[in-house]
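Q: Okay, handing you the structure first.
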Amino acid sequence: MNQYIKEMRIKSWLKNIFVFIPLVFSLELLNAEKLVMTVIAFCAFCLVSSAVYVFNDICDAEKDESHPIKHTRPIASGLIPKKSAAGFAALLAAVGLTTGFAVGLLVMVLIATYILLNLVYSMWIKHRPIFDCFCIAAGFVLRIYIGGVAGGEYISDWLFLTVIAGSLFLAFGKRRGEMIRIADSAITRKVLASYDVQFLNGMVFVYAGLSVVFYALWAMYRGSNMIYTVPLIIFLISKYLLLIHNNDSHGDPTTVIFKDKSLLVAAGLYSLLAIALLYL
């Protein structure tokens, strides 16, 4: 059971917090009905995202055996047979879809779209340069739209662009970390043979800059003095850039965030400041 729980990658559920963004910034966080619907949608998405992780690990089992970190995963190490893993993934997906349907048909459709997108990603897109990172970005966009539908909230154009730029920043940063810090990186991830470090450096800094610009424009559009949160966003992105350039995180966003206390503190301060400006 511990191995199945490990395979779910619960730590990566942190990425699913994007589901709450529409509710928070629409000033409806204290609306009990909308909050409950969003929490249920979040739980549904967590189950489905874990199903996707399991399926992806099944597809990558042989390559992960040569990976310095992923070789310890239950499927790659042989602790969970592929057939059992496939059944577990199907169960997680079924429960996630059913939970999403409890929120609404459209939420279930969006969650199903996420599953389909990641099935195509695992079998084909992840081997195609550029497409792979944009597919990852599409997953984050689906998260905010699922949250928007669950809470009945509108997703503004600037918020949409901010999420796109921010997720591309994280995706290209992860590819850069994998290429630089993993020996025989093209073997462990085929698409890395199509990238080079100089290109990835450029993409990381381009999307870091766009993330700040789009967020600042969203903050001005949003009002409520949210413009005063922009310096914290600049610090967070700058600190994240420093970390992925100078440590052994391999660019994984969850690992980077949980390993650095100053980044966690800054993220906490941003959350408190944003909530204070919006709700007080």
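The values are calculated or read from the model by the stated rules, or taken from the named source; none is laboratory data. Note that the coordinates shown come from a computational prediction; the quantities given were computed from them, not determined experimentally. Positions of Cβ are backbone-derived with ideal geometry, glycine not excepted, and every protein chain shown enters the neighbour counts.
Q: Any idea which of Leu47, Leu119, Leu92, Leu79 is in contact (Cβ under 8 Å) with a residue 12 or more places away in the chain, in contact with a Ser or Thr (Cβ under 6 Å, 6 or more places away or on another chain) and farther than 27 Å from Phe199 by Cβ?
A: Numbers: Leu47 fails: in contact with a Ser or Thr (Cβ under 6 Å, 6 or more places away or on another chain); Leu119 fails: in contact with a Ser or Thr (Cβ under 6 Å, 6 or more places away or on another chain); Leu79 fails: in contact with a Ser or Thr (Cβ under 6 Å, 6 or more places away or on another chain).
It is Leu92.
Q: From Gly209, Gly147, which residue is in the same structural domain as Ser271 (by TED's automatic domain parsing) and part of a helix (DSSP H, G or I)? It would help to see each step written out before you state the result.
A: Numbers: Gly147 fails: in the same structural domain as Ser271 (by TED's automatic domain parsing).
On inspection, the qualifying residue turns out to be Gly209.
Q: Okay, next question. Of the residues that sit in region 219-235 and are loosely packed, with under 15 Cβ neighbours inside 10 Å and among the aromatic types (Phe, Trp, Tyr), which one is modelled with the lowest pLDDT?
A: Checked region 219-235; the qualifying residue modelled with the lowest pLDDT is Tyr221.
Q: Failed condition for Phe101, given (1) free of Cβ contacts under 8 Å to residues at least 40 places away in the same chain; (2) among the hydrophobic types (A, V, I, L, M, F, W, C); (3) farther than 20 Å from Glu28 by Cβ; (4) outside the structural domain of Lys15 (by TED's automatic domain parsing), with all others met?
A: If we test Phe101 against (1) free of Cβ contacts under 8 Å to residues at least 40 places away in the same chain; (2) among the hydrophobic types (A, V, I, L, M, F, W, C); (3) farther than 20 Å from Glu28 by Cβ; (4) outside the structural domain of Lys15 (by TED's automatic domain parsing), just (4) comes out false.
Q: Please identify the pairs in which a residue from region 213-231 that is over 20 Å from Glu153 (Cβ atoms) has its Cβ atom under 6 Å from the Cβ atom of a residue that is surrounded by fewer than 18 Cβ atoms within 10 Å (Cβ to Cβ) and not charged (D, E, K, R), counting only partners at least 6 apart or on another chain.
A: Pairs found: Ala216/Val230; Asn225/Leu277; Ile227/Met220.
Q: Okay, next question. Working only within region 126-146, note down all residues that are modelled with pLDDT under 90 and over 17 Å from the mean Cα position of the chain (by Cα).
A: Step one: list which residues in region 126-146 are modelled with pLDDT under 90, which gives 126-127.
If the condition is that a residue be modelled with pLDDT under 90 and over 17 Å from the mean Cα position of the chain (by Cα), then His127 is the only one that fits.
Q: Right, here's the next one. Could you say whether any residue in region 185-201 is touching a Phe, Trp or Tyr at 6+ places or on another chain (Cβ under 6 Å), surrounded by fewer than 21 Cβ atoms within 10 Å (Cβ to Cβ) and not assigned by TED's automatic domain parsing to the domain that holds Leu29?
A: Here is the first cut: in region 185-201, the residues touching a Phe, Trp or Tyr at 6+ places or on another chain (Cβ under 6 Å) are 200.
Now restrict to residues that are surrounded by fewer than 21 Cβ atoms within 10 Å (Cβ to Cβ): none.
Within region 185-201 (the criterion being touching a Phe, Trp or Tyr at 6+ places or on another chain (Cβ under 6 Å), surrounded by fewer than 21 Cβ atoms within 10 Å (Cβ to Cβ) and not assigned by TED's automatic domain parsing to the domain that holds Leu29), the answer is no, since none of the residues qualifies.
Q: Looking at region 120-127, can you tell me whether even one residue there is among the hydrophobic types (A, V, I, L, M, F, W, C) and touching a Phe, Trp or Tyr at 6+ places or on another chain (Cβ under 8 Å)? Show your work before the answer.
A: Restricting attention to region 120-127, the residues satisfying the condition of being among the hydrophobic types (A, V, I, L, M, F, W, C) are 120, 123-125.
With the extra rule that they be touching a Phe, Trp or Tyr at 6+ places or on another chain (Cβ under 8 Å), the set shrinks to 125.
Scanning region 120-127, I find at least one residue that is among the hydrophobic types (A, V, I, L, M, F, W, C) and touching a Phe, Trp or Tyr at 6+ places or on another chain (Cβ under 8 Å), so the answer is yes.
Q: Further question on the same structure: What are the residues in region 236-272 that are surrounded by 16 or more Cβ atoms within 10 Å (Cβ to Cβ) and either acidic (Asp, Glu) or over 22 Å from Lys11 (Cβ atoms) (or both), if any?
A: Asp252, Asp260
Q: So which of Tyr270, Tyr221, Tyr240 ends up being part of a helix (DSSP H, G or I) and more than 21 Å from the chain's Cα centre (by Cα)? If you could, list the steps in order and put the result at the bottom.
A: Values: Tyr270 fails: more than 21 Å from the chain's Cα centre (by Cα); Tyr240 fails: more than 21 Å from the chain's Cα centre (by Cα).
When all the criteria are applied, what remains is Tyr221.
Q: If you don't mind, another one. Does Leu170 qualify as being in contact (Cβ under 8 Å) with a residue 12 or more places away in the chain and either over 21 Å from the mean Cα position of the chain (by Cα) or assigned to a helix (DSSP H, G or I) (or both)?
A: Judged against the criteria, Leu170 is a match.
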